[in-house]
Amino acid sequence: LMLATSRQAIEEITHSPREKPIGVYRATDLAIQLNAYYLNLCGALDNLAWAIQYEWNVLPGVTETKNGRQRIGLFARPFTEALAIARPLLWATLEPNVDWYNDLRDLRDPGAHRVPLYAIPGIMNDADAAEHRRLTSLATERGTAGDHHGMMELIHQASNLGGYAPYMSIWTPEGERLVDAWAFVVRDHRAFQKISELVSVTLLPHRTAG
């Protein structure tokens, strides 16, 4: 339900009208939902690994209260090596998703990074950017002169320049990357659904009537 709630909020905000920025507060709402979605997505993948561990004891004796719990991860090397022996058919179906999983953990897992995912409130062309600089410079002058109302009015005008595109910023040591937030959520969720189904049908091969 948390994943579904975040996806619905992300879809709604990223499909906002393109004619003007969504503003910092709505962008902050989007950032909160993006970070929550990816935290829960990565947590759900970890839970799939623990379900396998508790069902089949892939790494003998490892539990959530004993040493070695950090070795349990759906695509963690110690776990996958043991899974390839214990359930080779399952691992054969999961292995093609390794690159996607590593990309997810490296770039979109908020729990693994110092800088959270950031939602871009708006975009500008060169003319808008020049006007934005002019207005913010005037706003600074008004503020220095003690005209708080005039300063805020100019800041408001500057914040409404440009348009909107559904970008989120991903921090990397080499610099920030801008990607389409909704497109990435859709792609990542489809991969998660596929992996979840592969694990689930192996753990629960027979449907329960009712």
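Since every read-out is calculated from the coordinates, none of them should be taken as a lab result. Computed from a predicted model, the values in this text were never measured in an experiment. Cβ: placed from backbone, ideal geometry, glycine included. Neighbour counts: every protein chain shown.
Can you give the convex hull volume per residue for the Cα atoms of region 123-174, as a whole number of Å³? Intermediate results must be reported in sequence, preceding the final value.
Working: hull volume 5.9 nm³, N = 52.
Spread over its residues, the Cα hull of region 123-174 gives 114 Å³ apiece.
Could you order the peptides 35-44, 68-77 from most to least packed, using the average number of other C-beta atoms within 10 Å per residue?
Details: 35-44: 19.4, 68-77: 16.1.
The packing order, highest mean first, is 35-44, 68-77.
Per residue of region 24-41, what does 6.51 cos²θ - 1.76 cosθ + 1.60 with θ = phi - 60° give for ³J(HN,Hα)? Whole Hz please, x for Gly and Pro, Karplus curve as stated.
5, 6, 5, 5, 5, 4, 5, 4, 4, 5, 5, 5, 5, 4, 6, 4, 6, 5
Using Cα pairs closer than 8 Å and at least 6 residues apart in sequence, work out the relative contact order for region 1-101, in percent.
Values: 60 pairs, mean separation 19.2, N = 101.
Rounded, it is 19 percent for region 1-101.
As I understand it, the value is the acute angle between the Cα axis of helix 181-203 and the longest principal axis of the Cα atoms of the chain; what does it come to in degrees, rounded to 10?
10
Counting pairs of alpha carbon atoms under 8 Å apart in space and at least six apart in sequence, what relative contact order in percent does the chain give? Intermediate values should be presented prior to the final figure.
Working: 226 pairs, mean separation 56.9, N = 210.
This gives 27 percent for the chain.
Convert each backbone phi in region 110-118 into a coupling constant with the Karplus relation 6.51 cos²θ - 1.76 cosθ + 1.60 (shift: θ = phi - 60°), then list the ³J(HN,Hα) values in order as whole Hz, x for Gly and Pro.
x, x, 9, 10, 6, 9, x, 4, 10
For region 70-82, in order, what is each residue's ³J(HN,Hα) by Karplus, 6.51 cos²θ - 1.76 cosθ + 1.60 with θ = phi - 60°, in whole Hz (x at glycine and Pro)?
Working through the residues one at a time gives 5, 7, 8, x, 4, 10, 6, 4, x, 6, 5, 5, 6 Hz.
What per residue convex hull volume, in Å³, comes out for region 92-210 when only alpha-carbon positions are used? Write down the numbers at each step before the final one.
Details: hull volume 23.0 nm³, N = 119.
Per residue, the Cα convex hull of region 92-210 comes to 193 Å³.
Quick one: which residues, 5+ away or cross-chain, put their amide H under 5 Å from the amide H of Ala119? H built at 1.01 Å from N.
Ala31, Ser169
Tell me the relative contact order for region 95-177 as a rounded percent, counting alpha carbon contacts under 8 Å between residues six or more apart. Spell out each step's value before the answer.
On the way: 73 pairs, mean separation 31.2, N = 83.
Reported relative contact order: 38 percent.
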